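Novice: Below: one structure in structure tokens.
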Amino acid sequence: MGWWQVNADTLAGSRFVVSPLAETFASLKLLHAGTGTHPGERAWLADRLPAYRAELARDPVTAPLVRAGLGEEWIADFLTPAPRAGESFAEEVARVRAVDPAAARAHLVLSLRGPLPAALDRDDLPDRAADLLTYVWEETVRPDWERRRRVLEADVLARTAQLGQSGWAAVLDALRPGMRWLGGNRLQVNLHEYPPREISGARLVFVPVTPQRVGWVAWEEGARYAVVYPCSGVLAGGGPAAAPAALGPLLGTVRAHVLALLDSPMSTTQLCAVTGRPLGSVGRHLKVLLDAGLVRRGRAGRSVLYTRTAAGEVLVRAAEQREACSVRGGGDGKVSGDSIRL
């Protein structure tokens, strides 16, 4: 397993950051894989994948560069610079473009675990990689960036609340598959048999991305280290959780969406981030749901979190069951047998 030696000061000084380039590279990995893990990803791929494949087909060098750079177990380091808080996509991708060509080729040899193909023995690889990342950003990520950014910020808020409630070990254990706190200042970052790294004294950041089943580590040797992880739960979807159709007329569309989102505890700030609605609006809808006994609130550290009550859970599940039966029955809305009726 791969692990990092992290002292208490480094962990205490670590931060969660949002990175446009990390989100873009995660989207590139999703495009390369060509398969999604949930309906939001599959719809996104159906819309974006044909144009992406056509873009690669026009360039006989960039396609093998992508295949080599993603590798089997190891991503070419120059494609994933460690994110810095507050950087724009242009600032981040400029660091990819500025990589020394010889270093880029050396990174590809590592990711390939073998010799560099003749087609990639050239000096314009950083420029080509930066150009492709810019294409993915402009055509597939930037049009949806404001929503994605809200989702990523909501995940950061959720992790921060968990940190205040349960501490770093609980947060790290839940961050991504293969990662856990081993004790003794050791952070396991993946399941691969790589030599341990001493990163005490360096800057450590944790970076969420919306595509699922992706994640990687990145570093600037001795100075900055990053763990990129998929954001969690409902936040990973293609948008705010869709409330069952029957709940809209009963509760109102926005309140129904808020109730549907509360599968797991969320703060008003997170709900604002995911729904894109102002704080006052979310607060008013939460008060109605609280007064109706459909949600409860509790404190986690300095955060106030909301979740569904048993009554709210029954209401959502009954509506979901009605909707599922309606679909199976051909869409006439009839529910038979022991199904719960609204």
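Novice: When the accessible area of the chain is computed with all protein chains present and a 1.4 Å probe, what percentage of it is carbon and sulfur? All intermediate terms of the calculation are to be shown ahead of the outcome.
Specialist: Numbers: 8390 of 16020 Å².
With neighbouring chains kept in place, the figure for the chain is 52 percent.
Novice: So what are the ³J(HN,Hα) numbers for region 247-252, from phi and the Karplus equation (6.51, -1.76, 1.60; θ = phi - 60°), rounded to whole Hz, Gly and Pro as x?
Specialist: 6, x, x, 6, 10, x
Novice: For region 131-270, restrict the atom set to alpha-carbon positions and state the Rg and Dmax in Å.
Specialist: Expressed in Å, the Cα Rg and Dmax of region 131-270 come to 18.0, 58.
Novice: Could I ask something else about it? Mind listing the phi-derived Karplus ³J(HN,Hα) values for region 202-218, rounded to whole Hz, using 6.51, -1.76 and 1.60 with θ = phi - 60°, and x for any glycine or proline?
Specialist: Along region 202-218, the couplings run 8, 7, 10, 10, 10, 10, x, 9, 7, x, 8, 6, 10, x, 6, 10, 9 Hz.
Novice: Another question, if that's okay. Pick from Gln321, Gln188, Gln165: which residue has the top mean-square fluctuation in a GNM of the chain where Cα pairs under 10 Å get a spring?
Specialist: Gln321
Novice: Residue farthest toward the positive end of the dipole of the chain, with Cβ of Lys/Arg at +1 and Asp/Glu at -1: which of Trp145, Val282, Leu187?
Specialist: Farthest towards the positive end: Val282.
Novice: If you project the alpha carbons of the chain onto their three principal axes, what span does each projection cover, largest first, in Å?
Specialist: Per principal axis, max minus min of the Cα coordinates gives 66, 48, 36 Å.
Novice: Starting from the amide H of Leu204, placed 1.01 Å from N in the peptide plane, find each other amide H under 5 Å away whose residue is 5 or more places distant or on another chain.
Specialist: Arg15, Tyr225
Novice: On to the next question. When only C-alpha pairs under 8 Å and at least 6 residues apart count, what is the relative contact order of region 113-208, in percent? Walk me through the numbers before you get to the answer.
Specialist: Working: 33 pairs, mean separation 13.1, N = 96.
Result for region 113-208 is 14 percent.
Novice: Tell me, how many Å apart are the Cα centres for region 62-96 and for region 9-30?
Specialist: Rounded to whole Å, the Cα centres lie 12 Å apart.
Novice: Related question: Give me the accessible area per residue for the chain, probe 1.4 Å, as a whole number in Å². Let's see the in-between values first.
Specialist: Details: 16020 Å² over 342 residues.
Accessible area per residue: 47 Å².
Novice: In degrees, nearest 10, range 0 to 90: what is the angle between the Cα axis of helix 101-112 and the longest Cα principal axis of the chain?
Specialist: 60 degrees
Novice: What share of all Cα pairs of region 1-111, in percent, falls into each consecutive 5 Å distance bin?
Specialist: Cα pair-distance distribution for region 1-111, in percent: 2, 10, 15, 18, 21, 19, 9, 4, 2, 1.
Novice: Another one. Over the chain, what is the percentage of antiparallel beta bridges among all DSSP beta bridges, to the nearest 5? Kindly include the intermediate steps, with their values, before the conclusion.
Specialist: Working: 19 of 30 bridges.
The antiparallel fraction comes to roughly 65 percent.
Novice: Order 22-35, 114-127, 306-319 from most to least packed using the mean count of other Cβ atoms within 10 Å. Don't skip to the end; give the middle numbers.
Specialist: Values: 22-35: 21.6, 114-127: 13.9, 306-319: 17.4.
Top of the packing list down: 22-35, 306-319, 114-127.
The values are calculated or read from the model by the stated rules, or taken from the named source; none is laboratory data. Treat the numbers as computed from the prediction; the structure is a model and nothing was measured. Don't worry about glycine lacking a Cβ; one is built from the backbone with ideal geometry, like all the others, and counts go over all protein chains shown. Note: accessible area is taken over every heavy atom of the protein model, side chains too, but ligands, DNA and RNA are not part of it. Shrake-Rupley method; radii C 1.70, N 1.55, O 1.52, S 1.80 Å.
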